[in-house]
Amino acid sequence: MNSMLKVFFAFLLTTSACVFAGQPEGCMETATTQFEMNKCSGISYQTAIDELNRVYTLLEKTYEKDQIFLNKLQTAQRVWLQLRDADLEMKYPHADQLKYYGSIFLSCTTEFKTQMTLQRVEFLKRWLAGSEEGDVCSGSIMNKLSIR
């Protein structure tokens, strides 16, 4: 991965999902009630899900001639959802105990799922960006020239 992509990925992980999701800048910083914080995190999560669905649909179109890849993509996505949910349960193992994490719990879990979803989006975009000529380890990622 080139250094520019590494910088972008680090920025993405450390930037508030509210800003990335196109909400008014400082959404969480200006929220004054738990309801407003929950709303900010919910909008961010929905935006991340929409982007994941957009990328997934583009992958289906781009790789429509490779049914084996599409079947593996579908399986990987289903398993990723299970992993995301298991990671969430690992982070918050007492979620079934009311008030254990406090009133911010919904915002925290939504933010966690947003971050995981944005990481997944960036991972899947590799198949849309394509591989460089001569990349012998690109696997199912088509060459850049084949994608355009």
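Taken together, the residues in the stretch 30-59 that are over 19 Å from the mean Cα position of the chain (by Cα), in a helix (DSSP H, G or I) and loosely packed, with under 15 Cβ neighbours inside 10 Å amount to 4. Collect the residues in the stretch 60-114 that are charged (D, E, K, R) and in a helix (DSSP H, G or I), keeping them in residue-number order. Answer for the stretch 60-114, where residues must be charged (D, E, K, R) and in a helix (DSSP H, G or I): GLU60, LYS61, LYS72, ARG78, ARG84, ASP85, ASP87, GLU89, LYS91, GLU111, LYS113. For first residues located in the stretch 27-45 and within 17 Å of LYS113 (Cβ to Cβ), partners that are in a helix (DSSP H, G or I) and aliphatic (A, V, I, L, M) and lie 6+ apart or on another chain with Cβ distances below 6 Å form the pairs ASN38/LEU106; CYS40/MET28; SER44/ALA17.
From the residues in the stretch 115-148 that are of a type in the set (Asp, Glu) and in a loop (DSSP other than H, G, I, E, B), which one is farthest from LEU81 (Cα to Cα)? Checked the stretch 115-148; the qualifying residue farthest from LEU81 (Cα to Cα) is GLU133.
Here, each number is a calculation from the coordinates, and none is a lab measurement. Note that the structure is a prediction, hence the values are computed from the model and not measured. Don't worry about glycine lacking a Cβ; one is built from the backbone with ideal geometry, like all the others, and counts go over all protein chains shown.
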